[in-house]
Every structure is written in C-alpha cells, then in structure tokens.
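Trainee: Let me give you the structure first, and then I'll get to my questions.
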Amino acid sequence: MSVRLLLSLTLLFCLTSPTLSTATDPDPTPVAKRELNAAETEHALQLLAEELTKNLDAIHTWQGTCLFQNQVRLADPRITKNSKWQTTEGQYTFWLDEIHDRLRVNYHKIKKPDEFNLLTPQTPIKVGHPTNTQWIVQGLDVWELGEERFGSVKGFPEGILIPGSTGRVLFRKLRYESEHNGLFFDPRELVGNGSHTFARTCRMYADALSGKPGTEENSKVTKRIMITELTPDSNHRQYLVKIDYNSPEIEAAPIRSETTYDSRFGFNAIKYEQFRGSRLIHKRTFLYNRVGDIFLPHEVDIVRFSSRLADQTEIDLRQNFKLVESKLNQPLDPNQFEIKSLELKPGERIVDQIRGKAFVQYEGRLVPASQFPLLIN
C-alpha cells in the first residue's frame with residue numbers, strides 16, 4: 001500500500017470516528033445566572049407563591065391511584081439476613097374534595113416486608129406489617145380504620161370488655177396523629193418538602209419580606225434567604241431558592257434547603273435538597289404532567305441519607321411515588337366521606353379519641369359501648 005493511500009485512510013478514519021468527534025465537541029453553553037437583590041427576591045417569592053397557589057386552587061376535586069415503593073436500609077445485623085434493604089410496595093387510592101376540605105384514602109400493600117426475628121433465635125419475635133388502612137379526613141379530624149384486632153382496645157371505657165371481641169376498630173383522632181404513623185398519604189403533599197407545600201413556604205417568606213404583621217422582621221428573613229435566577233434560554237427561567245434554618249440541636253451544623261423552581265412547569269419545584277453543613281441529608285426530585293392549565297406531580301423520588309457521621313454518603317431511605325390514574329374536577333360521591341362507607345360489621349368498635357367516647361356497631365347502627373352488653377344479654 002502506498003504511503004499516500006495510507007495517509008488518506010488514516011485521515012478519513014480520524015474524521016469519521018465517533019469517539020474522536022465526541023471528544024472534540026464544544027462544551028454546552030453555560031446557564032446564565034445571577035443573584036437577586038432584596039427587592040428582586042421579594043418579587044420572585046411573590047411570583048412563586050402566586051403561581052403555586054393558583055395551581056393548587058384550580059384543583060377542586062381530585063381522584064386517582066398512586067403506586068409507591070419504600071426501601072429502608074437495615075443496620076441491625078440480626079435482621080438483615082441476605083439483604084440490607086426492607087422493601088414495601090403498594091398503592092393509595094384517593095378522593096380529594098378540596099372545596100369542602102374532605103379527603104378519603106385507601107391504603108393497600110402489594111408487597112409486604114419479610115418478617116424478621118428482632119431478638120435471638122431463642123426468643124423469636126415476628127413483626128406484623130399492616131396491609132390495609134382507610135382514612136376519612138374532615139378538616140383537622142381523621143377517621144382511621146385498620147385491620148382486625150383481638151381483645152380489648154385502649155380507649156374503650158374501663159370495665160367494658162366484650163368477651164372474644166374481634167374485628168376492626170375505627171378511631172377518630174386529630175389529623176397530625178395519623179400523619180406521624182408512616183402510612184398516611186395526602187396527594188397534596190407530593191408538591192412539598194415533607195413538612196409544608198412549596199406554595200405555603202413561598203407565601204410565608206414572601207409575607208415576611210413584605211413586612212406583613214405577624215411575620216418575622218424583614219432584616220432577619222433577608223439574611224436567611226437567597227435566590228439565584230437561572231436562564232437556560234430566553235423562554236426558560238428557574239429560581240434556585242436557598243434558605244438557612246436554625247438547627248434544633250445546640251452546636252450542630254446549620255441546616256440549609258435548596259429548592260429549584262422551573263417556569264416550564266408553572267414554577268413548580270423540580271428539585272429539593274436539604275443540607276446539614278456541607279452534607280446532603282434529604283433530596284426530592286419531581287416530574288409533572290400537565291392537565292389543561294394544572295400541573296400534577298406524576299412521579300416523586302425521595303432519598304434520605306444516613307445521619308451517622310461515619311456514613312456520610314449512605315442512603316437510609318428511598319421512596320418513589322408514581323401517579324398512574326388521575327381525574328380532576330369530576331363529581332365525587334359524597335357518601336365516600338361518611339362513616340357508613342367503611343361498612344363496619346356487627347360488633348366492630350369505634351373509639352372517638354377526641355370526645356372520649358366509644359361505640360359498637362349493632363344491627364345497622366352505632367350504640368354507646370356502655371349499652372352494648374345489655375343489648376346482647
């Protein structure tokens with residue numbers, strides 16, 4: 001082969017090789033960004049609060065099904081066996097009546113975690129995991145119906161024990177008590193950081209910066225919040241909102257949140273991160289579907305990192321929520337929010353923890369627990 005032909009083939013290979021063409025591609029155009037001043041920060045927060053609130057207010061009724069997966073890292077060698085993760089999968093079916101402040105949720109577990117021996121082989125103890133729970137929420141109150149129970153129930157009047165009592169127990173309690181049991185679900189919380197909706201957070205800080213009565217002093221809030229405006233292109237704008245918090249622990253590293261709001265999705269948040277000092281401890285990412293003018297969270301991923309200093313990159317919890325069915329602003333059956341829709345069976349009990357009363361289902365009606373023994377004798 002001649003030298004001229006060899007050089008020609010070499011040059012042709014260099015020009016057409018995908019590896020070489022990728023290596024010589026220019027860097028992507030950097031995103032334009034700038035820090036907002038105090039006046040611009042207040043204006044941006046007002047904009048975010050208005051857009052996010054408008055999006056939520058457009059939801060009058062909402063019904064759907066949300067699939068979930070929870071993965072918890074197990075640190076105890078006695079229960080890890082062959083896996084370091086405990087996985088739970090299931091679905092929530094929900095009906096939200098925003099106008100009348102009512103919510104109905106049915107929880108159904110599809111994949112239950114393995115039952116672990118928490119002590120030793122000599123003293124085996126197995127952990128039961130509830131498979132089904134139903135909630136009816138009205139304002140700040142919630143009716144919670146779990147699975148079948150046996151024997152006495154805390155909250156029933158003392159001395160009133162029905163021999164061989166079995167069946168489900170319906171509890172009336174304050175909403176925050178159900179929210180802290182790890183099972184409760186509210187679809188509106190898919191657009192928040194786990195404590196508040198982003199609409200509420202933005203409104204709270206916008207009001208504080210505007211000097212509204214009852215809010216923090218403007219100067220204190222200004223020092224705690226900073227916004228970076230990102231402009232990937234002329235039709236696309238993002239706000240990166242950084243907020244510093246006082247740590248609840250004395251001498252602990254400060255806590256900071258960073259939330260990215262995106263104009264392509266009605267300024268809804270696409271990413272939320274929380275840091276303790278320089279360590280990332282909590283992260284959420286969001287995908288949306290647009291229904292008319294309303295943006296709904298289609299999928300939410302949640303990651304929580306270990307609080308142990310030796311495991312700064314270890315993940316302790318992974319959660320995924322995916323909306324697979326959804327209907328907006330369609331009529332709802334009002335009977336779904338009534339106790340009778342739970343279809344209590346004869347002998348099943350109700351404990352009203354708010355009013356300190358107890359009832360038993362008997363012949364299609366509820367009777368006070370104190371009268372029930374007289375009825376069946």
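The values are calculated or read from the model by the stated rules, or taken from the named source; none is laboratory data. Quick caveat: nothing in here was measured; it's all calculated off a predicted structure. Cβ atoms come from the backbone with ideal geometry, glycine included; neighbour counts cover every protein chain shown. These accessible areas exclude ligands, DNA and RNA; they are computed on the full protein's heavy atoms, side chains included. Shrake-Rupley method; radii C 1.70, N 1.55, O 1.52, S 1.80 Å.
Trainee: Taking a threshold of 32 Å on the Cα-Cα distance, which of the pairs K109/K173; K33/K327; K111/K173; K54/K154; K212/K271; K109/K154 fall above it?
Mentor: With Cα atoms farther than 32 Å apart: K33/K327; K54/K154.
Trainee: Summing Lys, Arg as +1 and Asp, Glu as -1, what charge do residues with Cβ under 10 Å from the Cβ of L145 carry, L145 excluded?
Mentor: -3
Trainee: For region 241-345, which whole percent of the accessible surface, found with a 1.4 angstrom probe, sits on carbon and sulfur atoms?
Mentor: That fraction is 47 percent.
Trainee: By per-residue mean of other Cβ atoms within 10 Å, what is the highest-first order of 47-57, 315-325?
Mentor: The peptides rank, most packed first, as 47-57, 315-325.
Trainee: Would you mind classifying region 255-366 by shape? Square roots of the alpha carbon gyration tensor eigenvalues, ordered a ≥ b ≥ c; an a/c under 1.5 is rounded, otherwise it is prolate if a/b is larger than b/c and oblate if not.
Mentor: It comes out oblate by the Cα gyration axes.
Trainee: Once the other residues with Cβ under 15 Å from the Cβ of E258 are scored (Lys, Arg +1; Asp, Glu -1), what is the net sum?
Mentor: +4
Trainee: Any idea of the accessible area per residue across region 300-363, 1.4 Å probe, to the nearest Å²?
Mentor: 60
Trainee: Still on this structure, please answer the following. Based on the Cβ-Cβ distance of S370 and S210, what FRET efficiency does E = 1/(1 + (r/R0)^6) give at R0 = 56 Å, to the nearest 0.05?
Mentor: Computed FRET efficiency for S370 and S210: 0.50.
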